[in-house]
Amino acid sequence: MNSEVVYLNGQFLPPEQAQISVFDRGFLFADSVYEVIPFYQGVGFRLQEHLQRLAYSLDAIGLQAEQDWPVLLNELVRRNGGGNRSVYLQISRGSEGRRRFASEGKLQPTVFACTTPIRHIYDEGADRIQGYNVILTDDLRWHRCDIKSTGLLANLLMQQQAHRAGADEALLVRDGVLSEGTSSNLFVVRDGVIHTPRLSAGILGGTTRALILELATDAGIPCQETDLRPEALATADEVWISSSTRGVVPVTRIDGQPVADGQKGPLWQHMFALFTRFQHRLMTGEA
Ligand code: PDD
């Protein structure tokens, strides 16, 4: 049983006391958006960037929910003892007491947040990061993957497919072009250049993706946002995926075949070191 305190509509509660209506539009229609934000040693990692994306998602589905999010989320983390946790924040359009497609008027949004303990990847160091084994599969999702919607059934089905194949993640292909992972962004390294799919390829604008591009640019590592075909993977020097809670992770096998020599690559080691330094600067107030 989860003993952490959750937040629901203005109250901090034990999870068993947090209840929403069966007519909540988040439950019935996935009419809701979310964020997953890591906190290390009680401090939010790229909190402002997550909140900017939240504002983008809310705006994209025409949902207004004004709150002092940093105050709310920091308080939730504090009440759960600080430390290393990911915060899940979901905002749904709320309930009108019955099920109907079109919602009439302005409803009171449902705001829910909870936390889960996570590993402090930057404290543990690069040696503890395991290379990922991934599969390639058709991207089954809708056309608005830029919205961080809780409509994740296609993502779950593709992730199940990966797990059944003994893999950690699936890389998705849409119209012959790589998009991203089921819950991560994708990077392909060749000849010292970092390539990643364009945002206009119908992917989520990952906060970790943006940080990789920012840190690489600052360090003078060339980056390109471009179309990537699955064939590019066969000749890649390195492949990575990224997400908030996993950071940047090397992919060492794709569909059972090793990526290059099947080891964690040198540019990944460099990028992980840049992330660790960034995290350190965040804690000392320099970033
Ligand atoms: N997922 N692409 C998709 C489809 C995602 O679901 C995620 C994150 C990302 C990476 O975004 P970020 O770097 O901002 O975490 C890319 C979160 C972690 C989740 O659903 O749990």
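The values are calculated or read from the model by the stated rules, or taken from the named source; none is laboratory data. What you see is a predicted model, and the numbers here were worked out from it, not measured in a lab. Ideal geometry is used to build each Cβ from the backbone, glycine not excepted, and the neighbour counts take in all protein chains shown. When the accessible area is computed, the model is the full protein with side chains, heavy atoms only, and any ligands, DNA or RNA have been set aside. Shrake-Rupley method; radii C 1.70, N 1.55, O 1.52, S 1.80 Å.
Length available on full extension from Asp191 to Thr235: 0.36 nm per residue minus the Cα-Cα distance, which gives 14.8 nm.
The accessible area of Arg190, taken with all protein chains in place and a 1.4 Å probe, comes to roughly 80 Å².
Only alpha carbons enter this Debye calculation for the stretch 6-118, each as an equal point scatterer, and the log10 of I(q)/I(0) it gives at q = 0.14 Å⁻¹ is -0.57. Listed values for the stretch 30-39 are Karplus-derived 3J(HN,Hα) couplings in whole Hz (6.51 cos²θ - 1.76 cosθ + 1.60, θ = phi - 60°), namely 6, 7, 6, 10, 8, 9, 10, 10, x, 10, and x replaces Gly and Pro. Would you compute the Debye intensity of the stretch 19-68 from its alpha-carbon atoms alone, equal scatterers and no solvent, and pass along log10 I(q)/I(0) at q = 0.26, 0.33 Å⁻¹ to two decimals? Each listed q corresponds, in turn, to -1.02, -1.20.
The label point for Gln130 and the one for Glu75, both projected 7 Å from the Cα toward the Cβ, are 3.9 nm apart.
The charge dipole of the stretch 126-283, taken about its Cα centre with unit charges on the Cβ atoms of Lys, Arg (+1), Asp and Glu (-1) only, comes to about 460 debye.
With R₀ fixed at 45 Å, the C-beta to C-beta distance from Gln224 to Gln161 puts the FRET efficiency at about 0.95.
Contact order for the chain, expressed relative to its length and based on alpha carbon pairs under 8 Å spaced 6+ residues apart, stands at 17 percent.
Any idea what % of Cα-Cα pairs in the chain are farther than 25 Å? Within the chain, distances greater than 25 Å cover 50 percent of Cα pairs. Scoring 245-252, 230-237 by mean Cβ neighbours within 10 Å over their residues and listing the highest first yields 245-252, 230-237. Here the stretch 6-118 is treated with +1 on each Lys and Arg Cβ and -1 on each Asp and Glu Cβ, and its dipole about the Cα centre works out to around 160 debye.
The Rg/Rh ratio of the stretch 126-283, with both radii computed over alpha carbons and Rh defined as the Kirkwood radius, is 0.94.
Place a point 7 Å from the Cα of Gln48 along the Cα-to-Cβ direction; which residues of the stretch 263-287 have their backbone N under 11 Å from it? Zone members listed by number: 287. Dipole check for the chain: with +1 at the C-beta of Lys and Arg, -1 at the C-beta of Asp and Glu, and the Cα centre as origin, the magnitude is about 580 Debye. Ranking of Met158, Met283 by solvent-accessible surface, largest first: Met283, Met158 (1.4 Å probe, protein heavy atoms only, all chains present). The antiparallel fraction among DSSP beta bridges confined to the chain stands at about 80%. On the basis of the beta-carbon distance and an R0 of 45 Å, Gln11 and His143 show a calculated FRET efficiency of 0.75.
Ordering Ile91, Pro70, Gly26 by Cα displacement along the dipole of the stretch 6-118 toward the positive end leaves Gly26 in first place; charges were set at the Cβ atoms of Lys, Arg (+1) and Asp, Glu (-1). A crude spin-label estimate for the pair Ile20 and Ala154, with each label 7 Å from Cα along the Cβ direction, gives 2.2 nm. Using a probe of 1.4 angstrom and keeping all protein chains present, the accessible surface of the chain works out to 48 square angstrom per residue. Across all directions, the average projected area of the convex hull around the alpha carbons of the stretch 75-152 is 9.3 nm².
Distance from the C-alpha centroid of the stretch 238-287 to that of the stretch 48-127: 26 Å, rounded to the whole angstrom.
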